[in-house]
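**Student:** Quick one: the structure is below, and I'll ask about it shortly.
Just so it is clear, none of the values below were taken in a lab; they were calculated from the coordinates. In this text the structure is predicted, and so the values were computed from the model without any measurement.
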Amino acid sequence: MALFRRRKQVGPTGRDRALDRADLEHLENFVRTRRGVEAFIEPRTTVTETTVILIADDGEWTRRRVDSPEGARRFAHKLAIPIYDVRLMGYPQRMRDYNERRKRRPHLP
């Protein structure tokens, strides 16, 4: 008996939620306004759908849901940025360094 099972949210076509226009604009803007951006496909988990994480050369990053790994590859190809599978490559050190720098930075009021 599955008391805590969640219903999977799907789009009107019955598929996983697709990348919507606002998400797409956010990702495209991130690529346009940062240097050395690379994309990493994050696999679907029991909690989240497939996501793509964009990581700039300084380690700054952003993440959004995508419809599929193939959709993430199409997006990266369209913008001519490299794309990797995080399960094979892992996260780059520059992302971990960026996260550490942010932790140490004092919070502004």
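**Student:** Express in nm, to one decimal, how much length is gained between ARG101 and ARG73 on full extension, taking 0.36 nm for each residue of separation and deducting their alpha carbon distance.
**Tutor:** 7.1 nm
**Student:** Rounded to a whole number, what is D in µm²/s for the stretch 15-109 from Stokes-Einstein with the Kirkwood radius over alpha-carbon pairs (10 °C, 1.306 mPa s)?
**Tutor:** Roughly 114 µm²/s, to the nearest whole number.
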